[in-house]
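K.L.:
Below you will find the structure I want to go over with you.
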Amino acid sequence: MGPVDRRKRLGVHYTPVGLAGFLAERVSLAVGDRPIRVLDPACGDGELLAAIRLLHADAELVGFDLDRDAVEVARDRLPSAVIEPGDFTEFGDELPAGSFDVVITNPPYVRTQLLDGQAAHLSARFGLRGRIDLTHPFVAMVPRLLRAGGVFGLLCSNRFLTTKAGGNVRELLTSRFAVHEVYDLGDTRLFDAAVLPAVVVAVRDGQPRPARYASAYESKVDAPAGELFAALTADRDSRVAVGGRAFEVSVGTLAHGGGHPWRLSTPDRERRFARVADRTWKTLGELARIRVGIKTTADPVFIGEHWDALPPAHTPEPELLRPLLTHADVHAWVAPGPPRARVLYPYLDLPNRQVVNLADHPRAAAYLELHRARLAGRRYLTDAGREWFEIWVPQRPALWRAPKIVFPDISPLPRFTVDRSGAVVNGDCYWISVPELGGDDLAQLVLGVANSAFGTRFYDEVCGNRLYAGRRRWITQYVARLPVPDPGARAAQQVVALARTLAEASAADRAELLPRLDAAVRKAFGEIE
């Protein structure tokens, strides 16, 4: 197994020295000055245990790891520690209950699809729901091993803070521990991997108290040189430049509950949320269904710009080749132009999804036959009683012709627009049927709110799922929470009028109109008079 394959398979992203020192320091402050027995159930080369040893010279250290080479390195670094090879998820339940004062860990980040049959087994064993990674079972096993008042120091992907799948971890932490500190380290790139980290410090059976919450994300701002970890533990928001990159650091307390993402709370934010809630008529999720675009699971067969270059006998009939909107075609306000890509879409335009009869489309049949081996290999389709040549997620064929709001799933800023061309939407975008929403006025009101500075700030403060380089995830879970003001209110009607004007405006005029839109949206939600 090569180093790259090994990393993917085993989730091997060992903890950087600085980050290990930060987590160990936060854990040490929670533990206080007392003898401690410490477990790292996925210790790798021993970095976290070594960081604890620097702060607690007499600590009894215990570690496990699947990687025997890493175990040998950890043993050499920490001769007095007990470091053993093994899979913690398999034997962790055999360790004596209440036998540790501290559990500190950076669990392997192994994606669901790389867990093979393990995912279902682990979900059933620990009562977990949805997609999981190894963080979930690790967190589930820790409470039994800690003594009352024991401290849990967790370093993992920050995805658990905001995603539906992360609800397992959020629920475990809030039900079995008193969470003391949460640090969303965002796109700080503290790992030599595409992992956006988070740190949690929690106490088993501790007294509930307001938990500290701090976050750091890169920003294009002027900032003085400083130390990132010092900024994260300071008492107020700040900006800091580290290694030529500037970060905005926000500080507050943890707000959680109702299965929603964890978020940072401050008195100003809570007052703002209350005003917005008071002026919210409905959320977007209450008004309409937000759908992802099509997912073929065989894009090279179904999607492309190559159709006209095929031999005539293998060129599918025009009625089955539909224009396909991708993220590259979708921009805020502007109606999408003719997309370059087309999709072979083997469905009739009927309310109830019906696949075409290939006998009526001999050229499409001939083309698909060339790729039968690949398409028929998707056993999940035929096992579900569907045809071998179908698209896995075709959505609702009859709705494509109607106007629809379309937006990319990932972009730094919101890019909501209305498509009236009848194009199909690809799986890298989401869409909302305008007739299902309630008509064009409501569609323009949604565009106005979503594309405004208010919409971006609402996303950051309430949803918060940001990726590298300031990119945001505009997916159903988050977009459904977008507030919509009363469409009968005068300020909302002004938003509708401005949204229509922006859709027709030149780029120069749009730049002048956007501040007016932002003000109208803020007025609609009571932020300004």
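K.L.:
Taking square-rooted eigenvalues a ≥ b ≥ c of the alpha carbon gyration tensor, is the chain rounded, prolate or oblate, where a/c under 1.5 means rounded and, failing that, a/b exceeding b/c means prolate?
P.N.:
oblate
K.L.:
Could you go through segment 283-295 in sequence order and give the Karplus-derived ³J(HN,Hα) for each residue, using 6.51 cos²θ - 1.76 cosθ + 1.60 with θ = phi - 60°, rounded to whole Hz, and x for Gly and Pro?
P.N.:
Per-residue couplings from phi come out as 8, 4, x, 7, 8, 7, 7, 9, 10, 7, x, 5, 10 Hz.
K.L.:
Sticking with this structure for a sec: With the crude spin-label approximation of a point 7 Å out along Cα→Cβ, what separation in nm comes out for Arg396 versus Arg374?
P.N.:
Between Arg396 and Arg374, the label points sit 3.1 nm apart.
K.L.:
Shifting gears a bit: Once you put a point 7 Å from the Cα of Ala97 and another 7 Å from the Cα of His331, both along the Cβ direction, what distance in nm separates them?
P.N.:
Modelled inter-label distance: 6.3 nm.
K.L.:
Sticking with this structure for a sec: Between Glu270 and Gln477, what length in nm is gained on full extension when 0.36 nm per residue of separation is reduced by their alpha carbon distance?
P.N.:
Values: separation 207, 0.36 × 207 = 74.52 nm, distance 2.11 nm.
Gain on stretching Glu270 to Gln477: 72.4 nm.
K.L.:
Pull out the extension gain between Ala57 and Ala511, defined as 0.36 nm times the separation in residues minus the alpha carbon to alpha carbon distance; nm, one decimal.
P.N.:
157.4 nm
K.L.:
Oh, and also: So if each residue of separation counts as 0.36 nm, and I subtract the Cα-Cα distance between Arg189 and Ala234, what length gain in nm does that give?
P.N.:
Details: separation 45, 0.36 × 45 = 16.20 nm, distance 2.05 nm.
Here the answer is 14.1 nm.
K.L.:
Under a crude label model (7 Å from the Cα following the beta-carbon direction), how far is Arg490 from Ala225 in nanometres?
P.N.:
In this crude spin-label approximation the distance works out to 5.5 nm.
K.L.:
When the accessible area of the chain is split by element with a 1.4 Å probe, what percent falls to carbon and sulfur?
P.N.:
52 percent
K.L.:
Once R0 is set to 35 Å, what does the formula 1/(1 + (r/R0)^6) return for the Cβ-Cβ distance between Trp388 and Arg420, expressed as a FRET efficiency to the nearest 0.05?
P.N.:
0.55
K.L.:
Between Leu350 and Glu171, what FRET efficiency follows from the Cβ-Cβ distance if R0 is 45 Å, with the result rounded to 0.05?
P.N.:
Taking R0 as 45 Å, the efficiency between Leu350 and Glu171 is 0.60.
K.L.:
Enumerate the residues in segment 427-443 having an amide nitrogen under 16 Å from the point lying 7 Å beyond the Cα of Thr297 toward its Cβ.
P.N.:
Backbone N within reach: 427.
K.L.:
At 222 nm, what helix-only mean residue ellipticity would the chain give, in deg cm²/dmol to the nearest 500, using -39500 (n - 2.57) for each DSSP H run of four or more? Provide the component values of the computation, followed by the final result.
P.N.:
Working: 21 runs with 179 residues, N = 529.
Calculated from helices alone, the mean residue ellipticity at 222 nm is -9500 deg cm²/dmol.
K.L.:
Counting DSSP beta bridges in the chain, what percent are antiparallel, to the nearest 5? Walk me through the numbers before you get to the answer.
P.N.:
On the way: 52 of 75 bridges.
Beta bridges within the chain, antiparallel portion: roughly 70 percent.
K.L.:
Among Lys164/Lys404; Lys164/Lys523; Lys282/Lys523; Lys164/Lys282, which pairs are too far apart, with a Cα-Cα distance over 28 Å?
P.N.:
Distance filter (> 28 Å) returns Lys164/Lys523.
K.L.:
How high is the FRET efficiency from Ala277 to Ile410, r the C-beta distance, R0 41 Å, rounded to 0.05?
P.N.:
Plugging the Cβ-Cβ distance into 1/(1 + (r/R0)^6) gives 0.90.
K.L.:
Using a cut-off of under 15 Å, list every residue of segment 35-56 whose amide N is near the label point 7 Å from the Cα of Asp87 along the Cα-to-beta-carbon line.
P.N.:
So the set is 42.
K.L.:
Kindly work out what percent of the DSSP beta bridges joining two residues of segment 332-475 are antiparallel, to the nearest 5.
P.N.:
Around 100 percent antiparallel, to the nearest 5.
The values are calculated or read from the model by the stated rules, or taken from the named source; none is laboratory data. The shown structure was predicted, so the numbers you read here are calculated from the model rather than taken from an experiment. So basically every Cβ, Gly included, is an ideal-geometry build from the backbone, and we count neighbours across all protein chains shown. In case anyone asks, the SASA skips ligands and DNA or RNA and just uses the protein heavy atoms, side chains included. Shrake-Rupley method; radii C 1.70, N 1.55, O 1.52, S 1.80 Å.
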